[in-house]
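Here it is, the structure, as structure tokens.
The values are calculated or read from the model by the stated rules, or taken from the named source; none is laboratory data. Just so we're clear, the structure is a prediction, and the values are computed from it rather than from any experiment. Virtual Cβ from ideal backbone geometry, glycine too; neighbours counted across all protein chains shown. Side chains are part of the model used for accessible areas, which takes the heavy atoms of the whole protein and leaves out ligands, DNA and RNA. Shrake-Rupley method; radii C 1.70, N 1.55, O 1.52, S 1.80 Å.
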Amino acid sequence: MHIETYDQLSEQVATLVAQQIATEPDCCLGLPTGQTPIGTYKLLSTWSREGRLNWSKVRCFALDDYLDVPPALSFHTFLSEHLYQHTNIDAGNIFHPGMTDNYDALIEGQGGLAMTVLGIGGNGHIAFNEPGTQFLSWTHCTWLDDSTRKANQASFGASRPPQKAVTMGVKTILSSRRIVLMASGEKKKAIVEAAFRGPVSRQVPASYLQEHEGLEVLTDFGFSLTR
Ligand code: PGA
């Protein structure tokens, strides 16, 4: 499918997730938060309400979350509102990194991530692996970049976004059998090109994904990559 619009991008990513669930009904999914996946979640929610998608055995793992925020502002709540509550997912199959000291062991114990969907930050972050993050990083707490806090300001009204977060690490993400990175809008073009056409560098954490055999990058600005 040739992608030119945000709606087409959303449909393509939603289709990949739906196919993954159809092929492996008890798969583990890594799921992002942010503006970019909202259209994808809308479609997945609609298909689920129509009974076309069965989440009863699917396990979902949030990529990351803020620390020290009211529950309403957490990514866990975001995922519940945009996706989980519209599906038949079992509450016991919903996981987030704040719930345990060893998220990586939890993921591994559930069979490992079959597919992880990612956005990309304007600074090249994936999940909250900010510039400077080591390749050999598993789930960890981190300080958020000023640029990330600025980009996410809109959800916080008059108050400032938190400084700290917990995130799957680079190795956690790379351990996923398939990775689908989605990016929308011209504002993401330069960083996507730097990440996938430039050198692998810890200053652009998304560039670490170049090493992954099951990577797909989908955008609505003419860049795509499939392994
Ligand atoms: P966005 O965030 O989808 O809101 O642009 C992406 C990210 O920071 O990973």
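Give all pairs with beta carbons closer than 8 Å in which a residue from the range 205-227 that is free of Cβ contacts under 8 Å to residues at least 60 places away in the same chain and of a type in the set (A, V, I, L, M, F, W, C) meets a residue that is open to solvent by 30 Å² or more (accessible area, probe 1.4 Å) and part of a loop (DSSP other than H, G, I, E, B); count only pairs at least 6 apart in sequence or on separate chains.
Between residues of the range 205-227 that are free of Cβ contacts under 8 Å to residues at least 60 places away in the same chain and of a type in the set (A, V, I, L, M, F, W, C) and residues that are open to solvent by 30 Å² or more (accessible area, probe 1.4 Å) and part of a loop (DSSP other than H, G, I, E, B), the close pairs are LEU215/ARG227.
While we're on this one: Taking the residues in the range 138-163 that are without any contact (Cβ under 8 Å) to a residue 24 or more places away in the chain and open to solvent by 60 Å² or more (accessible area, probe 1.4 Å) as candidates, determine which candidate is farthest from TYR103 (Cα to Cα).
ALA158
Give just the number: which of (1) closer than 23 Å to TYR41 by Cα; (2) assigned to a helix (DSSP H, G or I); (3) among the polar types (S, T, N, Q) does THR116 not satisfy?
Result: THR116 passes all but (2).
Residues that are within 15 Å of the ligand (Cβ to nearest atom), open to solvent by less than 30 Å² (accessible area, probe 1.4 Å) and within 21 Å of TYR103 (Cβ to Cβ), at least 3 per element: which strands (runs of 3 or more DSSP E) completely within the range 1-87 meet that?
It comes to 64-66.
Quick test for you: out of PHE196, PHE135, pick the one residue that is buried (at least 19 other Cβ atoms within 10 Å of the Cβ), over 17 Å from the mean Cα position of the chain (by Cα) and away from the ligand (no atom under 14 Å from the Cβ).
PHE196
Which of the residues that make up the range 179-194 are touching a Leu at 6+ places or on another chain (Cβ under 8 Å) and either at pLDDT below 95 or not hydrophobic (A, V, I, L, M, F, W, C) (or both)?
The one that is touching a Leu at 6+ places or on another chain (Cβ under 8 Å) and either at pLDDT below 95 or not hydrophobic (A, V, I, L, M, F, W, C) (or both): SER184.
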